[in-house]
1. Hey, could you check the stretch 83-106 for residues that are β-branched (Val, Ile, Thr) and within 44 Å of the chain's Cα centre (by Cα) and say which is surrounded by the fewest Cβ atoms within 10 Å (Cβ to Cβ)?
2. I'd like the full set of residues that are under 19 Å from LYS33 (Cβ atoms) and assigned to a helix (DSSP H, G or I), limited to the stretch 151-161.
3. Of the residues in the stretch 282-310, how many are modelled with pLDDT of 80 or more and open to solvent by less than 40 Å² (accessible area, probe 1.4 Å)?
4. What tally of residues in the stretch 400-430 results from selecting those that are of a type in the set (Gly, Ala, Ser) and in contact with a Gly (Cβ under 9 Å, 6 or more places away or on another chain)?
5. Is it true that some residue in the stretch 459-479 is open to solvent by 40 Å² or more (accessible area, probe 1.4 Å), part of a helix (DSSP H, G or I), of a type in the set (Val, Ile, Thr) and modelled with pLDDT of 80 or more?
6. Of the residues LYS252, LYS245, LYS270, only one is in contact with an Asp or Glu (Cβ under 9 Å, 6 or more places away or on another chain), among the basic types (Lys, Arg) and either surrounded by fewer than 21 Cβ atoms within 10 Å (Cβ to Cβ) or touching a residue at least 60 places away in the same chain (Cβ under 8 Å) (or both); which?
7. What residue, among those in the stretch 361-393 that are open to solvent by less than 70 Å² (accessible area, probe 1.4 Å) and among the aromatic types (Phe, Trp, Tyr), is nearest to ARG317 (Cα to Cα)?
Amino acid sequence: MKRRHRTAFPFDQAKTSHQVEDMPQDLKAYCQKWTLRALIDLGAHTNLLHEGHCSDPGLMVSLDLGVTLDEAYEYPRVLQALRQKHREVVSGSMPVLSDGHLTHNIHWLASELGLSAVDQSILLFCVLERQNVYLRQTMASLGEMSTARAMTVLSVLLEIPLQEVYKALACDSVLVRSGLLSIDENNIFDFANKVELIHGINERITVSQDSPFDIFADNFVVAPAPELATDDFQHLGDKWVFLQKYLAHASKFRDAGVNVLLYGAPGTGKTQLARVMAHQLGLSLFEVALENRNGDRIHGNNRLSAYRLSQRILSKRQQSLIVFDEIEDINSPLRSEEPEFFGRRSNRSGQKGWINQLLEQNSVPAIWITNNIRFLDPAHLRRFDYHLHLDIPPVSVRSAMLSNFTKDLHVTHAWCDTMAANALLSPALMARSTKVARAIGQDQETPSMEVILDHVVGAALRAQNQSFARPAIKSKDVGYDLSVVNADCNLFQLIEGLRSTQAGRVCLYGPPGTGKSAFAQHVATVLGKPVVLKRASDVLGPFVGETESRMAAMFQEATEKEGVLILDEADTFLRTRDGAQRSWEVSSVNEMLTQMEAFAGIFFCTTNLMDRLDEASLRRFDLKINFSYLKPEHVLHLFEDVSSKLNLTAHSRMTSPLKALDKLTPGDFSNVMRQSRLHPIHSAQDLLERLVHEMKLKKNTAMGPMGFLGACV
């Protein structure tokens, strides 16, 4: 067989690109030649020219055949003119391609990826086939084709030996491995669907770009500058340092297969952490696109192909880092009804193998981000080198972040501290809320920034079915003060011990309102740890085995968040097993004891019913601390504090009746403060009477007539 002559495509001359409104004449010439070869050499004309009519007269007119296609249409004459045009164009010389935007961009791709002349010719054809309407119509008229037919079509049109076409589009070829092109080998489609271009590149590669990387804006983009700073992640401690050192080492020594997983609840700063880390290490950060230029979401296969392309494009660039956010998408192509990864359809194990290779052979370090690791395949999860869980930062860090976000909005530090008490105030919510407030506050007639931010943050939290603690209300509450807690343990020393060990199992028992749960949450605040607070209703399940499952999940959540686990109403699960009548009553206690033994963090149980706890469970606590009613000096201190907040004048003659209130708790003072918002307290005497009423309501509290109240007036 006579070897076909290969047409040269001179991509080796890079000139200054210029803007044109239409396809350049040299590219039009090639589109015309390919159209004629498809019509005559590949027989596409048989589907367009018929005895009585032409099904695509616009195409024939564009070829300038010099024949009439109206009422005087004659099939033999049109076919003869078409063949004559084919001979003229095919046998004639073709123009050398000028260095327009398309050829300039392909030249840049060739230098980055190492594309051969054949690779460039195939890529150019695939782009123009989608850009030129007549070439596209002609290729569509060839009908559905197998892989072999598609290879033959490219060989004939581009005048490239068939074996070189196969080589250029093989699974391990540069075009396919980079993701620029994909071939569906197992299905019959028309050419445009048989040989697919990576999503979005067809439009961008034909126009001038500010940066060559903008060609891939529908695939991966240069990451924006971080909105947070290194100080905003200091609460991560050693985890931040370890990640920094690992990525620095990987970048310096060009290690292959470096993959880091960041996971945690939405809005906890995972993407910002990646940007801050890259900035600190001096790395160029790129992110796999989530949306195309029209704002439409990019899913599954397209994002995986985009990631693979980013790896190939950036492989030769030193000091680069890639972020693949919202990787829940990577499992979507694994469903049996979906097209297999990279355009091939096969079984699940084959697709998992492709993704496993991505996690083992990447030349550019990658940070993968997800909100929930439960969506990840365990086989993929095992292949990440370093796993870092992020939760909403502790209150002190939230306050500092909020101060930074609002530094130009004239809000007070006190307001930031109070707003930061909202446990769901994530970095993302701070950024969005301050952006909205900044826009609203441009009008001088608007309310204060604090009022605007209260509204914006509150509305966002309520939309998520979360409560919102308003600063104006919280500011007058009775604050938590260890000095007025009546416990049979030095709580200050306990906190320092927990700070040192970062582990401990503590049972807090005593009457309601004595500050047990509040103390546990205070410990979390002081240690800068998130709170994982559970009540009996959160853990109890209606079905056999569900309670045990929820228990395990509770401890797992605390482990992942590295938080302080607080279980209120612990007697529900740690009650004595002596009188148990059902198997599940015993199994739930056993599961709780097992989980307690295995838990390596800080665990607080609170109960009002110490006498009901199982003896075996009591042995598993490092400390059992009794919280009792306030001592007389505590009552006096809190009475003075509340009186001051309510602008009341306390008299010294009230000291004696106050000391007689021997069953008050900090919770009673908080209750009275809340009452004052609905039913104002007018005097210190009124406050005293309210406290007496609170104590009367307690069970097992015997009180005679409080005749001394009259003497206080």
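The values are calculated or read from the model by the stated rules, or taken from the named source; none is laboratory data. Everything numeric in this text was worked out from a predicted model, so none of it was measured. Counting neighbours? That spans all protein chains shown, and the Cβs are built from the backbone with ideal geometry, glycine included. Heavy atoms of the whole protein, side chains included, go into the accessibility calculation; ligands, DNA and RNA do not. Shrake-Rupley method; radii C 1.70, N 1.55, O 1.52, S 1.80 Å.
1. The residue in question is ILE106.
2. THR152, VAL153, LEU154, SER155, VAL156, LEU157, LEU158
3. 15
4. Residues in the stretch 400-430 being of a type in the set (Gly, Ala, Ser) and in contact with a Gly (Cβ under 9 Å, 6 or more places away or on another chain): 2 in total.
5. Scanning the stretch 459-479 turns up no residue that is open to solvent by 40 Å² or more (accessible area, probe 1.4 Å), part of a helix (DSSP H, G or I), of a type in the set (Val, Ile, Thr) and modelled with pLDDT of 80 or more.
6. Exactly one of LYS252, LYS245, LYS270 is in contact with an Asp or Glu (Cβ under 9 Å, 6 or more places away or on another chain), among the basic types (Lys, Arg) and either surrounded by fewer than 21 Cβ atoms within 10 Å (Cβ to Cβ) or touching a residue at least 60 places away in the same chain (Cβ under 8 Å) (or both), namely LYS270.
7. TRP368
Conditions (1) more than 27 Å from ASP231 (Cβ to Cβ); (2) modelled with pLDDT under 85, marked per residue:
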{"residue": "ARG344", "(1), (2)": "yes, yes"}
{"residue": "ILE355", "(1), (2)": "yes, yes"}
{"residue": "PHE375", "(1), (2)": "yes, yes"}
{"residue": "ARG382", "(1), (2)": "yes, no"}
{"residue": "ARG398", "(1), (2)": "no, yes"}
{"residue": "PRO427", "(1), (2)": "no, no"}
{"residue": "ARG438", "(1), (2)": "no, no"}
{"residue": "SER448", "(1), (2)": "yes, yes"}
